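One structure is given here, and the rest of the page talks about it.
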Amino acid sequence: MDIVFGAKTDVGLKREHNEDSLCADPHLGLFIVCDGMGGRNAGEVASSLAVEIIQKHMTDAHKADAFPVIGAVNAKLSPQTNRLASAVRLANQVVNGASQSKPGQSGMGTTVVCALFSGPMLSVAHAGDSRMYLVRGGNIHALTADHSLVAEQVRQGILTEEQAEKSVQKNIVTRALGVEDTLQVDLDEIELAKGDVILLCSDGLTKGVTPAEILKVLREAKEPQAACDRLVKMANAAGGEDNTTVIVIVVKKVGTGVWQQLMKRVTS
């Protein structure tokens, strides 16, 4: 697997501090965006803790063939995707425990969207309204569906997309890491192709920048970091009401990844 990437996080124009956190670890093929929520600085604590735990779990699993898996294994998904789900579930336990043990962090949580690259496959893990997009063949495709009140209402036909954008409830998420003892993690696997572009982002981007505008930037940018810089500028130009975090990954070559190599050792 040969990828190049860029990453950027920005506080925006209206917030006093940044509650987003990210991970870009090309050695593991792991990329994460978390958008924290909670009183005081608890959102920042939740997002940074979640990123730390997920990355550490994946690192430890890469080093040890028989590293324990948290939660049930889905036989329909690859070992890589099940491992990513395990990492997110562990992060949920840790953040939830920290929330219950420290009064100032009570009720804190975070969205999470993770991408794990391994050979020809992309593993996706997601909870909340941070998003992942795939750009392929001149089109942009959403790889995640928001866990939010208005998104659910749109799916049920209660609201139109336009009404959802104007709703005063559009910031209410229906699923987040750390809020409850257990977390239902949405999982998926995508077969990659040369030239694919993957975007992970917090809702600070999608509140003010449309998928069509995102597509234009990703198609025109000469390299991923330039795309990240441009997308953050556009989010701020649209009002900058929230923190904005973006990671852009371009697939240069599809081949055997570190997780496929690990699984060969496990099964041999």
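The values are calculated or read from the model by the stated rules, or taken from the named source; none is laboratory data. Please read these numbers as outputs of a predicted model, since none were measured by experiment. Cβ coordinates were reconstructed from backbone atoms using ideal geometry, including for glycine residues, and neighbour counts include every protein chain displayed. Note: accessible area is taken over every heavy atom of the protein model, side chains too, but ligands, DNA and RNA are not part of it. Shrake-Rupley method; radii C 1.70, N 1.55, O 1.52, S 1.80 Å.
Things worth noting here:
- Converting phi to 3J(HN,Hα) with the Karplus coefficients 6.51, -1.76 and 1.60 and the offset θ = phi - 60°, the range 213-222 yields 5, 4, 4, 4, 5, 5, 7, 8, 5, 6 Hz in sequence order, with x at every glycine or proline.
- Note on Glu180 and Asp25: the extension gain reaches 53.0 nm, defined as 0.36 nm multiplied by sequence separation minus the Cα-Cα distance.
- Relative contact order of the chain: 29 percent, from C-alpha pairs under 8 Å at least 6 residues apart in sequence.
- The range 1-40 residues near the modelled Phe67 label - backbone nitrogen below 20 Å, point 7 Å along Cα→Cβ: 1, 22-34
- Apportionment of accessible area to carbon and sulfur, the chain, percent (1.4 Å): 51
- Longest segment of the chain lacking trypsin sites (Lys or Arg not before Pro) that sit in a DSSP loop with at most 12 other Cβ atoms within 10 Å: 77-193
- FRET efficiency, 1/(1 + (r/R0)^6) with R0 30 Å, evaluated for Gln156 and Thr59 via beta carbons: 0.15
- Estimated from helical segments only, the mean residue ellipticity of the chain at 222 nm is -11000 deg cm²/dmol, where each DSSP H run of four or more residues counts as -39500 (n - 2.57).
- Gain in span if fully extended, Ala193 to Asn41, counting 0.36 nm per residue against the direct Cα distance: 50.7 nm
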